[in-house]
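One structure below.
The values are calculated or read from the model by the stated rules, or taken from the named source; none is laboratory data. The shown structure was predicted, so the numbers you read here are calculated from the model rather than taken from an experiment. Quick reminder, even Gly has a Cβ in these numbers, built from the backbone with ideal geometry, and neighbours come from all protein chains shown.
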Ligand SMILES: Cc1cc2nc3c(=O)[nH]c(=O)nc-3n(C[C@H](O)[C@H](O)[C@H](O)COP(=O)(O)OP(=O)(O)OC[C@H]3O[C@@H](n4cnc5c(N)ncnc54)[C@H](O)[C@@H]3O)c2cc1C
């Protein structure tokens, strides 16, 4: 049996940030992730200035590909609204591997299947034993499934369905475009240029509202592909997109049960207006680490439910 004070399940932004903070406090921890890093993670890779503040790094010191946007070109139905702001795009393939390495904590490749309690300890797959457990395994996190799902189920109307693809592309247009509510999509579609000659395009929206309209995410995706072809943004590509589901934050998620903590997508913490999940994952990971270290309550601020105030504010501060 391998024994640790804290075991973090999942080495994405939530788990890696939590581990980074635990390591700074000298706490004996281990990360278990079912995948070997760098690994593919479906995500547009839009990050806010707050993400870099939380990570205590200036964007120009980030060692991999990154693009800074001074504006987002938004379309609300068919009305074009350029929004002055300061936002960034990174590639999750690079960003997550960098964060994980930066945590300084030992990582083992292991897919956690079973979790049980023995006295005050958690036993994972009869192989790992820990006093504290951090669930950072994303939407299908085993900590959520085994310990939290029955008392704090993710509400159906918080479920976000997505389809997206990231690919090498010599994009002529390096603006970031967002189309809200196009063809009735209860969410938005994006065209997100990346550094090092990559592009990410995709759509995401509320699953329950799509169902109500009697339309599937794949139908919205077909319409968006036509838009990309006809607008000359991506005129010829045969797309090979994939889907993923995650949850936006509802009012009363349970984040802690005894010594088990839920972070990031495992807790369903993405913002309600934009489905932004990287920032809330990092913030929750850091807060869980603080709560474990100082034996203090673990909470997420209510303000972390929205992205738009930060998007607007970063445009104002950029002008000053
Ligand atoms: C299409 C799409 C686009 C998005 N675009 C954006 C965006 O532009 N900006 C933004 O801020 N957010 C975006 N999000 C949301 C964002 O990707 C997530 O909120 C974020 O990745 C959550 O981070 P996490 O660390 O909680 O989980 P994840 O990044 O999912 O990491 C979880 C880790 O746990 C591991 N794991 C899972 N199960 C097990 C197990 N049983 N045992 C061991 N390990 C396990 C996985 O391998 C994985 O590495 C998007 C999401 C989608 C689907």
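Data overview
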item: Subset tally (residues that are surrounded by fewer than 24 Cβ atoms within 10 Å (Cβ to Cβ) and closer than 13 Å to residue 281 by Cβ) for the range 1-20; result: 1
item: Yes/no for residue 40 being within 15 Å of the ligand (Cβ to nearest atom) and at pLDDT below 95; result: yes
item: Unique match (being surrounded by 14 or more Cβ atoms within 10 Å (Cβ to Cβ) and in contact (Cβ under 8 Å) with a residue 60 or more places away in the chain) among 111, 44; result: 44
item: Leading residue by the ranking (nearest to the ligand (Cβ to nearest atom)) among those in the range 107-147 that are on the phi > 0 side of the Ramachandran plot and not in a helix (DSSP H, G or I); result: 125
item: Counted residues, the range 148-176 - those being more than 13 Å from the ligand (Cβ to nearest atom), touching a residue at least 40 places away in the same chain (Cβ under 8 Å) and not in a loop (DSSP other than H, G, I, E, B); result: 4
item: Selected residue (only one of 35, 4 is outside any strand (DSSP E or B) and more than 30 Å from residue 185 (Cα to Cα)); result: 35
item: Residue check for residue 101: more than 13 Å from the ligand (Cβ to nearest atom), in a helix (DSSP H, G or I) and in contact with a helix residue (DSSP H, G or I) (Cβ under 8 Å, 6 or more places away or on another chain); result: no
item: Enumerated helices (runs of 4 or more DSSP H) restricted to the range 205-320, each holding at least 1 residues that are away from the ligand (no atom under 16 Å from the Cβ) and either surrounded by 13 or more Cβ atoms within 10 Å (Cβ to Cβ) or on the phi < 0 side of the Ramachandran plot (or both); result: 207-213, 217-230, 278-294, 308-319
